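A.B. asks: Structure incoming, see below.
The values are calculated or read from the model by the stated rules, or taken from the named source; none is laboratory data. These figures come from a predicted structure and were not determined experimentally. Here Cβ is always computed from backbone atoms with ideal geometry, including for glycine, and neighbour counts include all displayed protein chains.
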Amino acid sequence: MDKNLLAQLVFYCFAAVTVGSAAVVVFSKSIIRSAFALLFTFFGVAALYAYAGADFLAATQMVIYVGGILVLLLFGVMLTHKIYNLQLKSETFQFIPTLVVALAVFVALAVCMMRTHWFNGGPTPAVPTTASIGELLMKDYILPFEVASILLLIALIGAAMIVRRGSE
């Protein structure tokens, strides 16, 4: 089997998983089912980042969205459902206008993609980006990196103090 054909097949499989699970997120009536479909959407996006050679973005997608936000969302939905005994359902409104807008966005993105110079050239060779980003953060941008870390630490301490003061 041709290597370029296999790479395209892998890309289309990841794209189909991402788009299909995103459709389940949007059109499912169960919020829990939508949240679990969002897991596959985030995994698919991370795989597409990795396929495009953006390994740092793929790792960030996995750590932040899958590891943090999605787990928090799932716990929030499941614990809220158990505490209040709610029937968590979402309804789909205005299906036809939504479909028209989604198809228009898809056509616009497809036209933009076909006009790029890399569209017919096949996949670009993957060059690791993590090492170069790490070097930039630790050499050229060390001061903004440290200032941002101190600001985040101050915000975390302030949030803990506000919560502690509110509970007493």
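A.B. asks: Working only within region 92-111, note down all residues that are closer than 16 Å to Ser28 by Cβ and exposed (fewer than 10 other Cβ atoms within 10 Å of the Cβ).
C.D. replies: Answer for region 92-111, where residues must be closer than 16 Å to Ser28 by Cβ and exposed (fewer than 10 other Cβ atoms within 10 Å of the Cβ): Phe93, Phe95.
A.B. asks: Does any residue in region 96-115 that is closer than 21 Å to Gly20 by Cβ come within less than 9 Å, Cβ to Cβ, of a residue that is surrounded by 10 or more Cβ atoms within 10 Å (Cβ to Cβ) six or more places away or on a different chain, and which pairs are these?
C.D. replies: Correct list of pairs: Thr98/Val26; Thr98/Thr92; Ala102/Val26; Met113/Phe119.
A.B. asks: Next question. Looking only at region 15-48, filter to residues that are buried (at least 19 other Cβ atoms within 10 Å of the Cβ) and of a type in the set (Phe, Trp, Tyr); which one of those is nearest to Ile64 (Cα to Cα)?
C.D. replies: The selected residue is Phe42.
A.B. asks: Looking only at residues that are polar (S, T, N, Q) and part of a helix (DSSP H, G or I) in region 116-157, which one is modelled with the highest pLDDT?
C.D. replies: Ser149
A.B. asks: Next up: How many of the residues making up region 7-54 are modelled with pLDDT under 85, farther than 21 Å from Thr98 by Cβ and assigned to a helix (DSSP H, G or I)?
C.D. replies: 4
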